[in-house]
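The structure appears below as structure tokens.
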Amino acid sequence: MSESELAVIKPEALKTYIWLQCFDGSIQQVEEEVAMFCPMICREIVKNGTGSSKNHAIALPERVNPASLSLILDYCRFHQVPGRSNKERKSFDEKFVRIDTERLCELTSAADSLQLKPLVDLTSRALARIIEGKTPEEIRDIFHLPDDLTEEEKLEPLKNINDDPRIRLLNRLYAKKRKELQERQKLKDVQVQDEQKDERSLDELLCFINGDGGSGGGKGAKSKKKNKRRKDHAKIPPKADSEPVNKEGAICVVPRKVDSGNVSRLPCQSPDMQDDVEDPFEDADLDDGLDPAMKEELDRVQSQVSVKLAVSKDGSRGDLWTYSLEQS
Amino acid sequence: MIPEQKAKLCSGSTSRADTCDRLSDLPDGILHVVMSFLPARHAVQTSVLSRRWRNLWCSMPSISINEREFEVRGYCQIQERWDEFEDFITNLLSYRCNSVSLDRFQIYAHSHSQQTVDRWIRHSIEYCPTVLKIEIPCYHDDAPLSLKLPYLGSSFCRLKKLSLSHLVLDNHFAELLCSGCSALVDLELVNCFNCFQHIASTTLTRLVVNTCFNENDAVDPMVITAPSLAYLKLVIQDTIYRHGISVCNVSSLVEASIYMQYNEDFPAKYQRRLLSGLFSVTSLELTHFETMAMLNKNSDGFPIFLNMRYLSLESCFLDDECDLDSKLEDLGSFLENAPCLEKLTLQRCMFCVDPDWEWDVKRKSINLQRLDGKTFHCLKLQMIEVLYEDDHEHLLVELLWGLARRLPDPSIKLTKIFR
């Protein structure tokens, strides 16, 4: 070319362009510095020397369709400029992911195949934001997911896919516990209707709790282990159940509806034990399925019950006396 | 955009059938990344979306446990919810696929049941995570911290980023940092009880020690040795460092930010020593440093900040006994130690302004005296930015006047900050 012709050429033409070819055959060119922002493209250029001409265009992976590619290039074009502030980049990113979910998914896929990690993170986060807080039906609706789980499968408790026997046992025990809870709930519902107002004074109750034995009393327990054992001997359907006493929202204690075995006991010694309590001191905890998590609970519930009693000393909450003591 | 591209966009992406499920087409790895931004409960709940999603949660490499999902709030209130939360997490950790390593484990839970929480943390550490973030706040502010970081030494080998909040850390932890965490790059300690006196790590590049409680009767200073350290942030409040903190061998430090709540808890000579250790920084932020710590009067080896380009001082030079003029002189002489300084930011320096106090000084005129003191020339200093909250005109004007006389080279910018 003559000099005058050279002078006419616009400066942009002197930029190096890289040629990219999508899976569907379409070829396009893009400025080199923009393309180099993608690790995968960068590697192709550097290692294999492709992309310098139309005939040797870089073959992009299948998952990169033309629409996603142009979005990706826009992203690269913006971010490869070094002088931008963090605020500018963030604001660009926020606007960038405001596209419909279908294109967002395709974009994520394309970014992943080009190994553009910041963009993968950005789009994944956007997808997570869409998913978050929605019900499964809504999510299925938005993303057109097939509803191909049976009703049973949906309600099934989390399965142990490794089929660990210990976990199977745990599962069984949890199921058993669930059933028991349901039964107690039913009993409680029945009982609530005809529960008498508790007329006994505080002292009386303390007396009998402290081991005067007698009927309809709670059993003092020597140790928490005993409590757990009792669960397995569920001969004693509990009549009084722990009921959430949070009605006034004041003293806070809400012992959970637990098994008979975990019913809180006042930490006092009682010589009086029911005869079906075995000697608990050498029991194997694991067998109960009541892992030490239950122990924690017991500790808490125990301490909380004593708090409850303390508060009610003024008698003002007599009608709310539902103490979680087991009755025979 | 090149015209060809534009054309493609318009005509391209033909309307596919609306029932196309693009989300499930994504590979497992991507779906895991999406799930990693969801808290644990929600991530597991994705298992009911469709068959594809059914067991994805089992192998997700990132678990984020947050008790807020279960609305466990306050010790007094909701015991049931804690139990539910506890059940869920225990199940989650048990049922997870054992062969999948854990990349990121994050937990936020009150120490409601310490044993359980400790067990979860141990369980997760055994999977050798790369990012670990533990935050176990207490219900009451003055409740003693009691949860310790479990020491499963070899499991920390992959750890790159560690963030601990409200834990008790002792010498074992310091040893762990030194020898057990061979890949650790980012360490953040917030509100911890530090019973150790040295932080030594060859790989650490970012260190934040924020409001940690230091042992009161420590005999030695806290020493930080991290040759690769690039960013350091220390927030010293509600605790006393009787022998100060010193940094050793941090020649690659680029940015440092030291915040002190009260000078009394950290003696001036140790402030000075700390400051000398930061000589290689490019950007420095100091809050509540004593003037004595910044003076070169004794000239016993106060280093030159050769690389420092940005300096930000907050609540410095506030001695009531000195007048503005001598304060400016002190500032000037400090700046002389930073020959490459380009920008200086002053906030709440020189004069103490209590926003609640109404300064009832009504002045008709302000007398700006000609200052005959030394002028300081910082050749590269281009800008001094003064951040102010309230327009106590006379004080601000006096400061500006003083600055302009003493440091005549840079331009001065006033920025009002709104709280």
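The values are calculated or read from the model by the stated rules, or taken from the named source; none is laboratory data. Quick caveat: nothing in here was measured; it's all calculated off a predicted structure. Methodologically, a virtual Cβ is constructed for each residue, glycine included, from the backbone with ideal geometry; neighbour enumeration extends over all protein chains shown.
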For region A:112-136, how many residues meet the condition of being touching a residue at least 40 places away in the same chain (Cβ under 8 Å), more than 7 Å from every other protein chain (Cβ to nearest Cβ) and closer than 17 Å to B:Asp25 by Cβ? 2
Candidate set: region B:234-260, residues that are on the phi > 0 side of the Ramachandran plot and touching a Pro at 6+ places or on another chain (Cβ under 8 Å); chosen: the one surrounded by the most Cβ atoms within 10 Å (Cβ to Cβ): B:Gly244
Among the residues in region A:43-51, are any in a helix (DSSP H, G or I) and buried (at least 16 other Cβ atoms within 10 Å of the Cβ)? yes
Which condition does B:Arg122 not pass, out of (1) within 14 Å of another protein chain (Cβ to nearest Cβ); (2) touching a strand residue (DSSP E or B) at 6+ places or on another chain (Cβ under 7 Å); (3) under 26 Å from B:Ser179 (Cα atoms), if it passes all the others? (2)
With B:Leu184, B:Leu204, B:Leu232 as the choices, which residue is within 17 Å of the chain's Cα centre (by Cα) and closer than 17 Å to B:Tyr259 by Cβ? B:Leu232
Counting only residues that are hydroxyl-bearing (Ser, Thr, Tyr) and surrounded by 17 or more Cβ atoms within 10 Å (Cβ to Cβ), give me the strands (runs of 3 or more DSSP E) lying completely in region B:162-233 with at least 1 of them. B:222-225
Yes/no for B:Phe70 being aromatic (Phe, Trp, Tyr) and surrounded by fewer than 19 Cβ atoms within 10 Å (Cβ to Cβ): no
Per-region count, region B:152-170, residues modelled with pLDDT of 85 or more and of a type in the set (S, T, N, Q): 2
Which residue is farthest from A:Cys38 (Cα to Cα), if the candidates are limited to region A:74-88 and must be surrounded by 15 or more Cβ atoms within 10 Å (Cβ to Cβ) and more than 10 Å from chain B (Cβ to nearest Cβ)? A:Phe78
Test B:Val100 against the criterion of being surrounded by fewer than 20 Cβ atoms within 10 Å (Cβ to Cβ), away from every other protein chain (no Cβ under 13 Å) and either in contact with a Pro (Cβ under 7 Å, 6 or more places away or on another chain) or not hydroxyl-bearing (Ser, Thr, Tyr) (or both), and give yes or no. no
Please count how many residues of region B:376-400 are among the aromatic types (Phe, Trp, Tyr) and either surrounded by fewer than 17 Cβ atoms within 10 Å (Cβ to Cβ) or within 28 Å of the chain's Cα centre (by Cα) (or both). 1
Output the residue which, of all residues in region B:58-72 that are more than 9 Å from every other protein chain (Cβ to nearest Cβ) and over 21 Å from B:Leu164 (Cα atoms), is farthest from the chain's Cα centre (by Cα). B:Ser59
Cβ-Cβ below 6 Å, separation at least six or inter-chain, first residue in region A:78-98 and over 16 Å from A:Asp121 (Cα atoms), second surrounded by 11 or more Cβ atoms within 10 Å (Cβ to Cβ) and not β-branched (Val, Ile, Thr): which pairs? A:Phe78/A:Phe92; A:Gln80/A:Glu33; A:Gln80/A:Phe37
Do any residues in region B:18-46 that are facing chain A (nearest Cβ under 7 Å) have Cβ atoms under 6 Å from those of residues that are small (Gly, Ala, Ser) and surrounded by 16 or more Cβ atoms within 10 Å (Cβ to Cβ), where the two are at least six apart or on different chains, and which pairs are they? B:Leu26/A:Ser109; B:Val33/A:Ser124; B:Val34/A:Ser124; B:Val34/A:Ala128; B:Phe37/A:Ala128; B:Leu38/A:Ala128
